[in-house]
Amino acid sequence: MKNWVVEFLIVFVNSTRMQVAFLLGVVAFTITHSLGWYFIENANDNIQFGVLRELFVHKLGHRYDKAALFFLVSSWCLVFKLFRKERNRI
């Protein structure tokens, strides 16, 4: 296990495509999560009824969380896919 981690880190340091994919995933996760909750908080003021407000925040909050998590996991899958390709090159 230790050798695989060391090999992954060596390839990660030497591959700019892996680094860019990883950073884009983290940035997309952060932006999607932050903007989603920002939009929900601003729309929260326009809803008059407390029950609908709670339902709205709960439902849309989970959708934004799932979208942000999708961006993060898909970018990590891309990083491991690139790792398999770049491992042979380096």
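Tabulated data
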item	result
For K59, net neighbour charge (Lys/Arg +1, Asp/Glu -1) across residues whose Cβ lies under 15 Å away	0
1.4 Å probe accessible area per residue over the range 4-88, in Å²	72 Å²
Dimensionless Rg ratio for the chain, taking C-alpha atoms and the 2.2 N^0.38 Å reference	1.55
Rounded percent of accessible protein surface that carbon and sulfur make up, the chain, 1.4 Å probe	68 percent
Charge dipole of the chain about the Cα centre (unit charges at C-beta), most positive-ward option of L60, S34, L24	L24
Cα-centre dipole for the chain with unit charges at Cβ (Lys and Arg positive, Asp and Glu negative), debye to 20	580 debye
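The values are calculated or read from the model by the stated rules, or taken from the named source; none is laboratory data. In this text the structure is predicted, and so the values were computed from the model without any measurement. Positions of Cβ are backbone-derived with ideal geometry, glycine not excepted, and every protein chain shown enters the neighbour counts. Only protein heavy atoms, including side chains, enter the accessible area calculation; ligands, DNA and RNA are left aside. Shrake-Rupley method; radii C 1.70, N 1.55, O 1.52, S 1.80 Å.
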